[in-house]
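A quick write-up on the structure given underneath.
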Amino acid sequence: MSSPEPPRITANTHIGPDVDLEREDIRLADGTRLTEDVATGIIDQVRRSSGRPSLSGQPATSPQIAFRVTPAVRERAARVAAREGKTISQLAREALEARVASAP
């Protein structure tokens, strides 16, 4: 049996007081006491690290472009991407980058 997927954490995920960190002595694996400040830092780090890495290599969100195609184009793109070991997003990104690079 496979283990269940953990819940997805987003900026809107309510995380909330399960314990009173002022009264209870909770320790992390390294022995550090879990305080409200430490917990907030952990939550911020998890929220920043979720999702895909930025294409720029910097800690930032990559802009997205969405557009519609016909089912036939989607099917052909899926076949080409699979044959090349890529995702459709990678294939589309490469095609757009090539077109923009050749523009005056």
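In whole percent, what relative contact order does the chain give with Cα contacts below 8 Å and a gap of six or more residues?
Relative contact order for the chain comes out at 14 percent.
Collect residues whose amide H, placed 1.01 Å from N in the peptide plane, falls under 5 Å from the amide H of L34; neighbours closer than 5 in sequence don't count.
Sorted by chain and number, the residues that satisfy this are I26, R27, L28.
Please state the equivalent ellipsoid semi-axes for region 42-104: what are the square roots of 5 times the Cα gyration tensor eigenvalues, largest first, in whole Å?
28, 17, 11
Region 45-98: which trypsin sites (Lys or Arg not before Pro) are DSSP loop and have at most 11 other beta-carbon atoms within 10 angstrom?
Qualifying residues, ordered by number: R68.
Please compute the net charge surrounding E24, taking Lys and Arg as +1 and Asp and Glu as -1 over other residues with Cβ under 11 Å from its Cβ.
Around E24, the charge tally is -1.
For the chain, which whole percent of the accessible surface, found with a 1.4 angstrom probe, sits on carbon and sulfur atoms?
Carbon and sulfur: 55 percent of the exposed surface of the chain.
With a probe of 1.4 Å, find how much accessible area the chain has per residue, and write the answer as a whole number in Å².
91
With Cβ to Cβ distances under 14 Å as the rule, what net charge do the other residues near A82 carry (K, R +1; D, E -1)?
Local charge sum for A82: +3.
Could you go through region 75-85 in sequence order and give the Karplus-derived ³J(HN,Hα) for each residue, using 6.51 cos²θ - 1.76 cosθ + 1.60 with θ = phi - 60°, rounded to whole Hz, and x for Gly and Pro?
5, 5, 4, 5, 5, 5, 4, 4, 4, 8, x
The values are calculated or read from the model by the stated rules, or taken from the named source; none is laboratory data. In this text the structure is predicted, and so the values were computed from the model without any measurement. Positions of Cβ are generated from backbone atoms using ideal geometry, with glycine treated the same way; all protein chains shown enter the neighbour counts. Calculation scope for accessible area: heavy atoms of the full protein, side chains included, ligands and nucleic acids excluded. Shrake-Rupley method; radii C 1.70, N 1.55, O 1.52, S 1.80 Å.
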